[in-house]
Amino acid sequence: LAYAEGVVSGTTQAGELVKLAARRHLDDLRRADGVTLRWNQGEADAAIAFFGYLPQYQGRWSGQPLTLLPWEAFCVGVVFGWQIWDATLGQWVRRFREAYISVGRKNGKSTLAAGVGLWLLDYDGEPGAQVYAIATKRDQARMVWATAERMVSRSPLLSRRIERLSSTSRLIVRDTNSYFVPLGRDSDSEHGLNPHGAIIDELHVHRNRDMVDAIE
């Protein structure tokens, strides 16, 4: 909320698309009726707080819990906090199914993406969740996955739930039959999947939409 207010007021510098996203968030908070659209503060807080259980593993901050920057908390909160009523299912579901985040190099993109992947893997309430880190090449996709794997290896809390199979690049939760794996365009195996979540890394270097369309 503070980030959105800062962007709209001009005290926080941001581009035009970010300003529009921030304004939409504030406008929707006023118009949410709790019947077809609602803001679930508890879900947003839970997703943001989850990152505090992820240990950093590089440089001088290695071993310290991860603290989201205001713009990161805005991204995570908006995606997981907004809900719409699904009359067919008779329940509230996530409003936003896609998010596009573009930041400069060395701004923690892989760390943020890895944390979202781990949340979707085991803390989003989805049995049999299939989560994929995707790039044009599997080695590139492994960068996000490897970040998540290192977080799990350094967290006693996560290690009790999530099993690491480094030789096959899989993170597994056997209780729910869920897994998190890297997937590259060069693997030629994107069809026939049933993703609960997909993190597409380095989208700008994809030659076409084939991979994106297959995952969608």
### Query
How many residues are under 18 Å from Pro156 (Cα atoms), of a type in the set (Ser, Thr, Tyr) and surrounded by fewer than 13 Cβ atoms within 10 Å (Cβ to Cβ) when one looks only at the range 15-66?
1
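Does the range 54-99 hold any residues that are of a type in the set (S, T, N, Q) and out of contact with any Lys or Arg (no Cβ under 8 Å at 6 or more places or on another chain), and which are they?
Initially, the range 54-99 is screened for residues of a type in the set (S, T, N, Q), giving 56, 58, 62, 64, 67, 83, 88, 91.
Within the range 54-99, Gln56, Gln58, Ser62, Gln64, Thr67, Thr88, Gln91 qualify.
Going residue by residue through the range 151-173, is there one that turns out to be touching a strand residue (DSSP E or B) at 6+ places or on another chain (Cβ under 7 Å) and under 15 Å from Ser110 (Cα atoms)? Even if it seems obvious, please write down each step before you answer.
First pass over the range 151-173, keeping only residues touching a strand residue (DSSP E or B) at 6+ places or on another chain (Cβ under 7 Å): 151-155, 161-165, 169-172.
If we keep only those that are under 15 Å from Ser110 (Cα atoms) too, we end up with 151-152.
Checked the range 151-173: at least one residue is touching a strand residue (DSSP E or B) at 6+ places or on another chain (Cβ under 7 Å) and under 15 Å from Ser110 (Cα atoms).
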## Note on the structure
The residue that is nearest to Ala21 (Cα to Cα), considering only those in the range 81-102 that are without any contact (Cβ under 8 Å) to a residue 24 or more places away in the chain and open to solvent by less than 70 Å² (accessible area, probe 1.4 Å), is Phe96
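The values are calculated or read from the model by the stated rules, or taken from the named source; none is laboratory data. Predicted, not measured: the structure shown is a model, and the values here were computed from it. Positions of Cβ are generated from backbone atoms using ideal geometry, with glycine treated the same way; all protein chains shown enter the neighbour counts. Calculation scope for accessible area: heavy atoms of the full protein, side chains included, ligands and nucleic acids excluded. Shrake-Rupley method; radii C 1.70, N 1.55, O 1.52, S 1.80 Å.
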